[in-house]
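Student: Got a structure here, written out as structure tokens. Questions coming.
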Amino acid sequence: MRIGVFICQCGTNIAGTVDTRAVAKKAMEFPDVVFAVDYMYTCSEPGQKEIQDAISSHRLQGVVVAACSPRMHEPTFRRAVKKAGINPYMFEQANIREHCSWIGTDREANTRKAIDMVRMSVEKLRRNQALFSTQVAVNKRVLVIGGGVAGIQAALDCSDGGLEVVMVEREPSIGGKMAKLDKTFPTIDCSSCILGPKMVDVAQKENIRLYAYSEVEAISGYIGNFKVDIRKKATYVDWNACTGCGECTQKCPSKKAFDHFNEGLGATTAINIPFPQAIPKKARIDSDYCRYLTGGKCRVCEKICPVKAIRFDMKDEIVTEEVGAIIVASGYDLFDARVYGEYGGGRYPDVISAMQYERILSASGPYGGHIRRPSDGREPKEIVFISCVGSRDISVDRPYCSGICCMYIAKQAIMTRDHIPDSNCYVSYMDIRAPGKGYDEFIRRAQEEYGVKYIRGRVGRIYPRGDRLVVQGADTLLGVQVEIEADLVVLATGVECSAGARPLAEKLRISYDQHGFYMESHPKLRPVETNTAGVFLAGVCQGPKDIPASVGQGSAAASKVQALFSRDTIETDPQVAHVNENMCIGCGKCEQVCPFGAIRMKTLRDGSRKSEVLETVCQGCGLCNATCPNKAIQLRHSTDDQILAEINTLFD
Amino acid sequence: MDDKTNALREHVKGIFSNLELVLGWEPGYDPLHTRPFYVRTESDIDRLTANCLSFQNLTRYLAKSMNAVDPAADGRKIGVCVKGCDSRSLVALIQEKFVSRDRVYVIGLPCRGTLDARRIRALVPDPARIRSVNAEGDELVVETDRGISRFALDRAIARKCLQCRYPNPVIHDVLIGDPVTPRLKIDAENPSVAAVEALSLEDRLLFWENQLDRCIRCFACRNACPLCVCQNHCIMETRMPKWITQYRNMNEKFMFHMIHALHLAGRCTECGECERVCPVGIPVALIKEKINAIIYEMLDYESGIDPEAVPPLLTFSPKETGI
Ligand SMILES: Cc1cc2nc3c(=O)[nH]c(=O)nc-3n(C[C@H](O)[C@H](O)[C@H](O)COP(=O)(O)OP(=O)(O)OC[C@H]3O[C@@H](n4cnc5c(N)ncnc54)[C@H](O)[C@@H]3O)c2cc1C
Ligand code: SF4
Ligand code: SF4
Ligand code: SF4
Ligand code: SF4
């Protein structure tokens, strides 16, 4: 093989602590190397040209570039060598920047290390093989999991682009958390006024198929060709017949059913429509509260329903959909305030969560938009908001900032002062995080225009005195203890991953961080992609964020899907596992460990079992390779021999 | 194992018509050995023996010499005699789908230890004159052409048997003889491992260097292991990928034993076959015992107990790492 080596100076990034000229000179001594040079910016246009010229003038068959991380520029250089006529996999990149020049200042040692790294890359390249992608057809339908604002935005954008969309929502209605909000910061516009029309659009677009009260049961296949089993949970009402007239809910005698939409403030009927703007606006029987389903007697709704839509014998149903891409927008849940016993959440009726307060503020809420205390219905005058309940607290395993609480507390305090001008609002905070557009101004408005009293410090304890609550804490700016007698305490419970986030990730074969938020492929450069090709993220399921960011991500994910679907076929990555059938003993261990379901066992005509890789499903993770006892399964472009050669050359 | 020859023959006679063959033992080439034996016809049954010399782990043949992956079309089974330790290998093979539970008829033999021919030769002044050996209660009775001598049984049985935790087969269709009391509790520390760990780091290195230096890479250990299933596709013998060379040095020998042990991590059932067959007397099972101890501690898993369990290193669980 004729190998050319290009050492990048990266301005002074590399040349500052590595003698690139010496590295190039040394590289000429390595086996098969016929050309070596150092260059100011190899990735630049003239830098790439230099590589291409050398390929033709020195008849190179392989290229090593020693520069930055392959994550940064491997695609760039692969394209460059391909243009000059050599297979893009006959290219190796040694990372002498992040792995060498940036981490030490000893020029001599760095130079030695850079030489070793180039030597390793040369040894690897000598064992490389030309690899070729294959083409697979793309099924241009997209699945959106979760019908919160992020999922809705993604679905509508895809639909506008002419794609067929399948939306799966776990709850009886789409809308997610935003549907429960009263007003939204920083503009204080009415949440349902801006979300409602989008929800209606979802229902009306002909190319969106909505499965509400449904969940993803299983996913198989790969980018361009996923197969999804969806469990339609039993609603006991035939939604094709139900007109959403609500007659049944008037007559249902079981009136103590838990009202999920109102966060348990107030109750609803066993057969109910979650809220007036629900999409789909259909009735569902809550089997935990239905008298007939729990006690065997009643069936009142069945008699009332003018279209005879009640089906007590309904069972869960599994339907299968085929799609080419998946957008996950499964949102979040809120921290359980009961964990902080000292605040009395869940124990004192007038210590409520901020989401409950949203419902109290809302005109469609349990109190018709009048601010009242849950305990006695009295209008509160002294209201304390406590921030960071389950955020930025290592002791409850929530070290991260929920990102939205400072803002919605300010919003709720402003709304309170607006509704009850003679009230006092106090906010106990750690620091205020308001980095968005118009956000800091919004907080200032709360403080200056609305006279909300901000007290920096933690609340230590809340306890009842008479029919009020004593809030004890510190003001760390003044260095004094404070005690406020409050009528109502609102806890800004933090954002946590959605209840089913982890099992869903396992079905999707995507990764999540230690707190259950889904991992993007690259935190800066690939923020809506996952490491599983064809699966994209939108909204809070990826990490805490507010509505503008969720919507932005929804649109971003939709545009990624559109870019993917703008082609009829996609190229597969050839860096996948490959079985040497002669060596495979058919033990099936690879099949067992493969996290992507990319391996299946087959039986040859002589009866022997062999493993087989589904190349389009394989993600090249290498687990099978590590597990295979006799290494019959190898990862193309990272074979054992290639890695061993890299290691061995260090000891030669 | 106490002599169970007669009871075994009786039982096999009764069921033989339902079986394709029976894997058992027969007397060997000298009074210190038996050898594996396939009972194929009615008349073979009287050659079967089962006693303190029945050391071979016969489950090895199920995975390596015959196809037991699926049940036979005619429903006939392969009878296999197992001691406690052997039964765990069988469970492991069932877990890994090398053997179908429906393909085998498991004849369980509770066992108080099998003899170690090397230790007996060290006990008896003139081993060539041994005519018979027999376990009677806690004693070993050795008959030579000069008379009879008796030794404590513990001085003659294999190392693995001295620390046996599963003397009774964990799976069986029939049990021949009464269950016996295990020598060690299930969660007891492995005394051999503890002894090596008591050495200083330098002494431990020296110990293993001295041991492994003798290895001639005959691969007897690998071949005897019921769970070393790669056979002639073993990584030790391929040059693609080239993990191991033929160079005769400590690095290569060490590498071989580490690969061997790692392939058995969470799978080895401590049947001790690898160690028994080593022609140069290297305590090879000890390495695997140490790894097993780690697996037990870290993952709370013991191989070859529950046919339904999945060995921890043969699964991918995102929960383990929180990926
Ligand atoms: C009290 C409070 C006030 C707020 N006020 C504001 C504000 O004023 N302005 C602002 O910008 N932001 C505000 N936010 C933040 C806002 O709620 C979120 O940014 C936004 O709702 C995120 O939308 P989403 O679609 O990502 O998630 P979600 O709204 O949680 O939607 C996710 C959807 O997915 C569904 N789902 C979950 N798992 C599955 C599954 N496995 N299968 C199918 N479906 C599933 C859920 O049922 C839900 O419908 C507030 C938050 C709180 C807690
Ligand atoms: S590399 Fe192996 S384990 Fe990983 S996805 Fe591909 S086949 Fe599965
Ligand atoms: S692990 Fe290796 S030997 Fe076993 S089936 Fe897979 S490829 Fe074949
Ligand atoms: S490694 Fe040795 S002790 Fe373990 S199962 Fe194999 S032969 Fe038995
Ligand atoms: S049986 Fe002994 S000598 Fe032979 S390979 Fe195994 S350890 Fe080495």
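Student: Sum -39500 (n - 2.57) across every DSSP H segment of at least 4 residues in chain A, then divide by the residue count to get the 222 nm mean residue ellipticity, nearest 500.
Tutor: Result for chain A, helices only: -8000 deg cm²/dmol.
Student: Leaving out ligands, DNA and RNA, calculate the buried accessible area for the pair B and A with a 1.4 Å probe, summed over both sides, in Å² to the nearest 100.
Tutor: 2000
Student: Report the FRET efficiency, 1/(1 + (r/R0)^6), for A:V200 and A:E29, where r is their Cβ-Cβ distance and R0 is 56 Å, rounded to 0.05.
Tutor: In this case the efficiency is close to 0.20.
Student: Right, another one. Could you work out how far the C-alpha centroid of segment A:1-64 sits from that of segment A:245-320, in angstrom?
Tutor: One Cα centre to the other: 72 Å.
Student: Based on Cβ point charges of +1 for Lys and Arg and -1 for Asp and Glu, what charge dipole magnitude is obtained for segment A:3-125 about its Cα centre, in debye rounded to the nearest 20?
Tutor: Result for segment A:3-125 is approximately 220 debye, rounded to the nearest 20.
Student: Efficiency by 1/(1 + (r/R0)^6): what FRET value for A:A626 and B:A72, r their Cβ-Cβ distance, R0 = 35 Å, to the nearest 0.05? Could the numbers behind the result be given before it?
Tutor: Working: r = 35 Å, r/R0 = 1.01.
Once rounded, the FRET efficiency stands at 0.50.
Student: Moving to a separate point now. Could I have the simple spin-label model distance between A:I394 and A:S57, label points 7 Å from Cα toward Cβ, reported in nm to one decimal?
Tutor: 5.8
Student: Next question. Compute the helix-to-body angle for A:70-83: its Cα long axis versus the longest principal axis of chain A, expressed 0 to 90° and rounded to tens.
Tutor: Between helix and principal axis, roughly 50 degrees.
Student: Shifting gears a bit: If you line up the long axis of helix A:405-419 against the longest principal axis of chain A, both from Cα atoms, how many degrees apart are they, to the nearest 10?
Tutor: For helix A:405-419, the angle is close to 20 degrees.
Student: Run through the DSSP bridge list for the protein assembly as shown and note the antiparallel percent, rounded to the nearest 5.
Tutor: Expressed as a percentage, antiparallel bridges in the protein assembly as shown total about 55.
Student: Right, another one. Calculate the dipole size of the protein assembly as shown relative to its Cα centre from +1 charges on Lys and Arg beta carbons and -1 charges on Asp and Glu beta carbons; express the result in debye to the nearest 20. Walk me through the numbers before you get to the answer.
Tutor: Numbers: 124 positive and 121 negative charges, 222 e Å.
Roughly 1060 debye, rounded to the nearest 20.
Student: Placing +1 on the Cβ of each Lys and Arg and -1 on the Cβ of each Asp and Glu in the protein assembly as shown, which of B:M250, A:I103, A:F385 has its Cα farthest towards the positive end of the resulting dipole?
Tutor: Value: B:M250.
Student: Does anything in segment B:63-80 have its amide N under 11 Å from the 7 Å Cα→Cβ label point of B:N18, and if so which residues?
Tutor: So the set is B:76-77.
Student: With heavy atoms of protein chains only and a 1.4 Å probe, what residues of segment B:220-235 have at least 50 Å² less accessible area in the full set of chains than alone?
Tutor: The answer is B:C230, B:H233 - residues whose exposure falls by at least 50 Å² when every protein chain is included.
Student: Please sort through the DSSP H helices of chain B and keep those with an alpha-carbon extent of at least 27 Å along the long axis and a Kyte-Doolittle average not below 1.6.
Tutor: none
Student: Can I ask one more? Defining a contact as two alpha carbons under 8 Å apart and six or more residues distant in sequence, what relative contact order in percent does segment B:117-156 show?
Tutor: RCO, segment B:117-156: 35 percent.
Student: With both partners inside segment A:335-496, how many of the DSSP beta bridges are antiparallel, as a percent to the nearest 5?
Tutor: Here the antiparallel bridges make up roughly 45 percent for segment A:335-496.
Student: With a 1.4 Å probe and all protein chains left in place, how much accessible area per residue does chain A have, in Å²?
Tutor: 43
Student: Just from its helices, what would the mean residue ellipticity at 222 nm be for chain B, if runs of 4 or more DSSP H residues each count -39500 (n - 2.57) and the sum is divided by every residue, rounded to the nearest 500 deg cm²/dmol?
Tutor: Using -39500 (n - 2.57) per qualifying helix, the result is -9000 deg cm²/dmol.
Student: For chain A, give the percent of accessible area contributed by carbon and sulfur heavy atoms, probe 1.4 Å, rounded to a whole number.
Tutor: 50
Student: Given the C-alpha centroids of segment B:281-300 and segment A:91-114, what is the distance between them in whole angstrom?
Tutor: Using only Cα atoms to place each centre, the spacing works out to 40 Å.
Student: While we're here: Distance between Cα centroids, segment A:450-503 to segment A:391-411: provide it in whole Å.
Tutor: Each part's Cα centre sits 13 Å from the other's.
Student: Sorting A:D568, A:D475 by accessible area (1.4 Å probe), largest first, what list results? Working shown, then result.
Tutor: On the way: A:D568 105, A:D475 20 Å².
Largest to smallest exposure gives the sequence A:D568, A:D475.
Student: Give me the one-decimal nm value for the distance between modelled label points at A:E581 and A:K49, 7 Å along each residue's Cα-to-Cβ direction.
Tutor: 5.0
Student: Give me the Kirkwood hydrodynamic radius of chain A, using the inverse of the mean 1/r over all pairs of distinct Cα atoms, in Å to one decimal.
Tutor: Over chain A, the inverse of the mean reciprocal pair distance is 28.7 Å.
Student: Related question: Do any residues of segment A:498-546 lose at least 10 Å² of accessible area when the full set of protein chains is present rather than just their chain alone, and if so which, with a 1.4 Å probe?
Tutor: Residues passing the criterion (a loss of at least 10 Å², heavy atoms only) are A:E506, A:S511, A:Y512.
Student: With label points built 7 Å along Cα→Cβ from the Cα atoms of A:D431 and B:N223, find their separation and express it in nm.
Tutor: About 7.1 nm separates the two model spin labels.
Student: Moving to a separate point now. Tell me, what % of the accessible area of chain B is carbon and sulfur with a 1.4 angstrom probe?
Tutor: 52
Student: Moving on to the next point. So, R0 is 56 Å and r is the distance between the beta-carbons of A:R458 and A:C245; what FRET efficiency does that work out to, to 0.05?
Tutor: 0.65
Student: Hey, can you find the accessible area per residue of segment B:175-323 for me, probe 1.4 Å, expressed in square angstrom?
Tutor: Values: 7900 Å² over 149 residues.
Computed with neighbouring chains in place, this is 53 Å² per residue.
Student: On C-alpha positions alone, give me the angle between the axis of helix A:107-126 and the longest principal axis of chain A, in degrees, nearest 10.
Tutor: On a 0 to 90 degree scale, this one is about 80.
Student: Related question: So what is the accessible area of segment B:117-156 per residue, in Å², with the probe set to 1.4 Å?
Tutor: 60
The values are calculated or read from the model by the stated rules, or taken from the named source; none is laboratory data. Everything numeric in this text was worked out from a predicted model, so none of it was measured. Using ideal geometry, Cβ is built from the backbone for each residue, glycine included, and neighbour counts are taken over all protein chains shown. What goes into the accessible areas is simple: the full protein's heavy atoms, side chains included, and nothing from ligands, DNA or RNA. Shrake-Rupley method; radii C 1.70, N 1.55, O 1.52, S 1.80 Å.
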